[in-house]
């Protein structure tokens, strides 16, 4: 079997996993608004959806490369719309931590759905499995292992960002400052959404 080039692979995975993006920024926002424990369903939804997308990309990478030119614009606009909706929700987030809030109840589903419409995750998966992980093609066991390992890395990333949001929630009491943080997170999401439209 062809060997993996680990240094470029690990660099690519680390940079794309831990830098700001829809998953990380929205996780920080969840941590800020709801705290870490109440954000866990969302984080688990993000991770579960991410693993499913990696399995799909790994299994169908050659087919998806052929289909991508015809569906990429639709994926970009769906992803753009959903991330802009997340940005709007982040901007309007109150700091009322009642247990009946829809975002808390629907966290897992929203986390999974974000992966389905997140064109950056799809492009990440296709890039990963068609360049760095081509030796895994046609090997179901190693494909599943790689998707699970990538999911663990992804979970550590969104957990880190959610913990940062939670730390801000606990240390910042000024509502105006919290609003400025919400605005900053929203702007990062808006930037991410617009960047989807310019991916090559």
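Any read-out appearing in this document is the output of simple, stated calculations on the displayed coordinates, not a laboratory observation. A quick note: this is a predicted structure, and the numbers were derived from the prediction, not measured. When we count neighbours, we look across all protein chains shown, and the Cβ atoms used for this are built from the backbone with ideal geometry, even at glycine.
Observations on the model:
- Nearest-0.05 FRET efficiency for residue 37 and residue 148, computed from C-beta distance (R0 22 Å): 0.35
- Computed E for residue 171/residue 191 - FRET, C-beta separation, R0 30 angstrom, nearest 0.05: 0.75
- The gain in end-to-end length when the residue 60 to residue 7 segment is fully stretched comes to 16.6 nm, 0.36 nm per residue minus the alpha carbon separation.
- Added length on full extension, which subtracts the Cα-Cα distance from 0.36 nm per residue, residue 183 to residue 163: 5.3 nm
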